[in-house]
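**Q** Below is one structure. I have some questions about it.
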């Protein structure tokens, strides 16, 4: 399990942690390999993932929508030709090219989506789809997108039953439509990831949601830990203590689940997993070879870049700090040299507990959550309860 992305304004004090933090414990250093990815991928050269918000238009009214999606398309969206130029810019990173995730809003609202996917495929760029489940999704549309080159797809399920899920999505019947979309994905041969939001409302239902996941034939369950951005600023995050318990539960689930499990905007899962594996006797090399080890270091701006519907370039959709625009700037140059991106990749600039933590290179905390709470993306991730031992320094 890791944070693949993994896509804010300051949030009021009502989002402050509740409950006490655990006292400092004896610290075992993480594997030295954590500072450098075992596969040699250099995030300063290129991201692994480019998230392209192709449109803000969407037929749902989700309570937690990062994009604050709207019913109609914006005239500021990148045109088809601008989209092709963006794909050309992505090839400028050099091989291996980053993987592109077509997201939104709902990318299915773009009639040129198949054309854009074909253009990515023709350039040798891998592509995935993150659509909304509305009447715009049909079996024929998914089959066409698969033929155009879409390799995997993600859908969202935020509750174990229709009442819970539809309550978040704002449209009755969405849960049933999502179950049908799962069947369609299997019919056309699209490997499927399911995304589930983690808030104080969804937390008690996660065991039942996991039971549902076991019946859906998915390849991955991704738990998105709430960031207070867009409409999500009206929801409540879980507490640091609950987050720690949840991460231990997820570590145990990962042993038995018939699919991969990952966390988004909860990179401190890696600390939990490393300490558990060390307690079980695994050495550094063995830990580095696990899915957790392969995710070392991936976070917003470090392996991830986000392109907004209007071309703005930011570290992720959850950290909308515009550092340029693909209409006027070269994507690779912004990613490699802009101070926002370079500071996100330099863990020595991190502050507070994150700056003192020896897990900072492999975790780094959620920079988006730090920004949402404090207005400073280099500050401590407030959802992580770990207190580094006195005198500890980052590595």
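**Q** Condition test on residue 165, is it crowded, with 20+ Cβ neighbours inside 10 Å, in contact with a strand residue (DSSP E or B) (Cβ under 7 Å, 6 or more places away or on another chain), at pLDDT below 95 and farther than 15 Å from residue 185 by Cβ? Spell out how you get there, then give the answer.
**A** Values: crowded, with 20+ Cβ neighbours inside 10 Å: yes; in contact with a strand residue (DSSP E or B) (Cβ under 7 Å, 6 or more places away or on another chain): no; at pLDDT below 95: yes; farther than 15 Å from residue 185 by Cβ: yes.
Judged against the criteria, residue 165 is not a match.
**Q** Please specify each residue of the stretch 61-89 satisfying the condition of being surrounded by fewer than 20 Cβ atoms within 10 Å (Cβ to Cβ) and either modelled with pLDDT under 95 or in a loop (DSSP other than H, G, I, E, B) (or both).
**A** Residues satisfying the conditions are 61, 63, 68, 70, 71, 72, 73, 74, 75, 76, 79.
**Q** While we're looking at this one, here's another question. Which numbered condition in (1) crowded, with 24+ Cβ neighbours inside 10 Å; (2) at negative phi is the only one that residue 301 fails?
**A** (2)
**Q** Looking at the stretch 186-200, which of its residues are part of a strand (DSSP E or B) and over 12 Å from residue 155 (Cβ atoms)? Break it down stepwise before answering.
**A** Filtering the stretch 186-200 down to residues part of a strand (DSSP E or B) leaves 192-198.
If the condition is that a residue be part of a strand (DSSP E or B) and over 12 Å from residue 155 (Cβ atoms), then 197, 198 are the ones that fit.
**Q** Restricting attention to the stretch 347-361, which residues are farther than 22 Å from residue 288 by Cα and either part of a helix (DSSP H, G or I) or in contact with a strand residue (DSSP E or B) (Cβ under 7 Å, 6 or more places away or on another chain) (or both)? Explain how you work it out, then say what you get.
**A** We begin by selecting, within the stretch 347-361, every residue farther than 22 Å from residue 288 by Cα; these are 348-353, 355-356.
Within the stretch 347-361, 348, 349, 352, 353, 355, 356 qualify.
**Q** With the checklist (1) under 21 Å from the mean Cα position of the chain (by Cα); (2) farther than 28 Å from residue 244 by Cα in hand, flag the one item residue 338 doesn't pass.
**A** With respect to (1) under 21 Å from the mean Cα position of the chain (by Cα); (2) farther than 28 Å from residue 244 by Cα, residue 338 is out only on (1).
**Q** Quickly run through the stretch 262-276 and pick out the residues that are touching a helix residue (DSSP H, G or I) at 6+ places or on another chain (Cβ under 6 Å) and surrounded by fewer than 20 Cβ atoms within 10 Å (Cβ to Cβ).
**A** 276 - this is the single residue of the stretch 262-276 that is touching a helix residue (DSSP H, G or I) at 6+ places or on another chain (Cβ under 6 Å) and surrounded by fewer than 20 Cβ atoms within 10 Å (Cβ to Cβ).
**Q** Here is a further query. Can you pull out the residues in the stretch 111-138 that are part of a loop (DSSP other than H, G, I, E, B) and under 23 Å from residue 175 (Cα atoms)? Even if it seems obvious, please write down each step before you answer.
**A** Of the stretch 111-138, the ones part of a loop (DSSP other than H, G, I, E, B) are 111-112, 123-126, 130-138.
Within the stretch 111-138, 130, 131, 132, 133, 134, 135, 136, 137, 138 meet the criteria.
**Q** Also: Return a yes/no flag: does the stretch 324-333 have any residue that is part of a helix (DSSP H, G or I), farther than 30 Å from residue 83 by Cα, modelled with pLDDT of 95 or more and touching a helix residue (DSSP H, G or I) at 6+ places or on another chain (Cβ under 9 Å). Full working, then the answer.
**A** Initially, the stretch 324-333 is screened for residues part of a helix (DSSP H, G or I), giving 331-333.
From what's left, farther than 30 Å from residue 83 by Cα: none.
No.
**Q** Now for a separate question. Sort out which residues of the stretch 212-256 are in contact with a helix residue (DSSP H, G or I) (Cβ under 8 Å, 6 or more places away or on another chain), surrounded by fewer than 21 Cβ atoms within 10 Å (Cβ to Cβ) and outside any helix (DSSP H, G or I), and write them in order of number.
**A** Matches in the stretch 212-256: 216, 217, 236.
**Q** Any idea how many residues of the stretch 274-293 are assigned to a helix (DSSP H, G or I) and either modelled with pLDDT of 95 or more or more than 27 Å from residue 215 (Cα to Cα) (or both)?
**A** The total comes to 12.
**Q** Shifting gears a bit: Is it true that residue 30 is surrounded by 15 or more Cβ atoms within 10 Å (Cβ to Cβ), within 22 Å of the chain's Cα centre (by Cα), assigned to a loop (DSSP other than H, G, I, E, B) and modelled with pLDDT under 95? If you could, list the steps in order and put the result at the bottom.
**A** Working: surrounded by 15 or more Cβ atoms within 10 Å (Cβ to Cβ): yes; within 22 Å of the chain's Cα centre (by Cα): no; assigned to a loop (DSSP other than H, G, I, E, B): yes; modelled with pLDDT under 95: yes.
Judged against the criteria, residue 30 is not a match.
**Q** Still on this structure, I have one more. Mind checking which residues of the stretch 366-393 are surrounded by 16 or more Cβ atoms within 10 Å (Cβ to Cβ), assigned to a loop (DSSP other than H, G, I, E, B) and either in contact with a strand residue (DSSP E or B) (Cβ under 8 Å, 6 or more places away or on another chain) or at pLDDT below 95 (or both)?
**A** Filtering the stretch 366-393 for residues surrounded by 16 or more Cβ atoms within 10 Å (Cβ to Cβ) gives 366-374, 377-388, 392.
Narrowing the set further to residues that are assigned to a loop (DSSP other than H, G, I, E, B) leaves 366, 377-388, 392.
Of everything in the stretch 366-393, those that are surrounded by 16 or more Cβ atoms within 10 Å (Cβ to Cβ), assigned to a loop (DSSP other than H, G, I, E, B) and either in contact with a strand residue (DSSP E or B) (Cβ under 8 Å, 6 or more places away or on another chain) or at pLDDT below 95 (or both) turn out to be 366, 377, 383, 388, 392.
The values are calculated or read from the model by the stated rules, or taken from the named source; none is laboratory data. Remember, predicted model here, so these are calculated numbers, not experimental data. Glycine gets a Cβ as well: all are built from the backbone with ideal geometry, and neighbour counts include every protein chain shown.
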